[in-house]
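Reviewing the structure listed below.
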Amino acid sequence: MFTGLIEAVGTVVATEARPAGRELRVAVPFAADLQLGESVAVSGVCLTVVASASGQMVAEVGPETMRVTTLGGLRAGDRVNLERAMRGDSRFGGHFVQGHVDGLAELRGHREEGDAHWLTFGFDRASAAYVIPKGSIAIDGISLTVAALGDDTFDVMIVPFTWAHTTLAARAVGDRVNLEFDMVGKYVARAAELARAAGGGWPSATGNRP
């Protein structure tokens with residue numbers, strides 16, 4: 001589990017093809033503290049550390065992850081957002097982020113307002129039930145708030161600190177980003193779907209009967 005508060009920005013050192021996908025090697029500032037098997041969110045995608053040495057972490061990216069996220073398009077020199085799994089003994093900021101990407105969004109617009117930056121993203125309308133005004137959303141692993149909502153677009157406002165300490169400043173119109181919807185919202189939408197399928201009412205503990 002993650003919070004969507006980016007811990008650091010890393011740089012892709014290399015990606016190499018493997019029979020089961022690709023191996024991703026990233027330079028990370030906290031490499032010396034990593035343990036084998038530990039989870040790290042890389043631009044919003046939960047990956048497992050399979051090796052760590054010399055200031056770098058190595059993770060394996062499976063074929064499905066490459067298909068449904070932006071990780072398949074990473075190249076040496078690309079920068080990625082990094083967050084280690086949340087600790088149980090620290091303050092919880094951001095929102096609940098699993099590192100399980102729900103889909104991709106496209107950056108469609110960028111405008112400035114003082115020191116802040118407004119970004120407009122287009123998303124699949126089939127996912128509209130999961131996006132609400134003032135709700136939480138994770139973009140490339142960053143916990144953000146939906147500031148405005150259209151039929152197939154939403155806006156977020158990026159404060160200067162987030163702009164300077166994540167990869168968002170490097171995004172250009174037309175770029176794709178990883179999108180993860182709020183976990184609580186997904187459960188609510190799923191419960192409502194099951195209730196409708198059962199003919200009305202909310203599912204009970206013993207099944208879909210109201």
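A few comments on the model shown:
- Where strands (runs of 3 or more DSSP E) sit wholly within region 75-173, those with at least 2 residues that are among the charged types (D, E, K, R) and under 26 Å from Thr65 (Cα atoms) occupy 79-84, 103-113.
- Filter result for the condition that a residue is closer than 18 Å to Val9 by Cβ, touching a residue at least 40 places away in the same chain (Cβ under 8 Å) and in contact with an Asp or Glu (Cβ under 7 Å, 6 or more places away or on another chain), over Glu60, Glu83: Glu83
- The condition of being at pLDDT below 95 and surrounded by 12 or more Cβ atoms within 10 Å (Cβ to Cβ) holds for only one of Leu194, Leu168, that being Leu194.
- Residue check for Ser54: on the phi > 0 side of the Ramachandran plot, surrounded by fewer than 15 Cβ atoms within 10 Å (Cβ to Cβ) and free of Cβ contacts under 8 Å to residues at least 24 places away in the same chain: yes
- Residues within region 46-74 that are assigned to a loop (DSSP other than H, G, I, E, B) and out of contact with any strand residue (DSSP E or B) (no Cβ under 6 Å at 6 or more places or on another chain), tallied: 1
- Applying the criterion of being in a helix (DSSP H, G or I) and exposed (fewer than 15 other Cβ atoms within 10 Å of the Cβ) to the residues of region 174-188, the residue that is nearest to the chain's Cα centre (by Cα) is Val184.
The values are calculated or read from the model by the stated rules, or taken from the named source; none is laboratory data. Only a predicted model underlies this, so the values are computations on that prediction, with no experimental measurement involved. Neighbour counts are summed over all protein chains in view; Cβ atoms, including those assigned to glycine, are modelled from backbone coordinates with ideal geometry.
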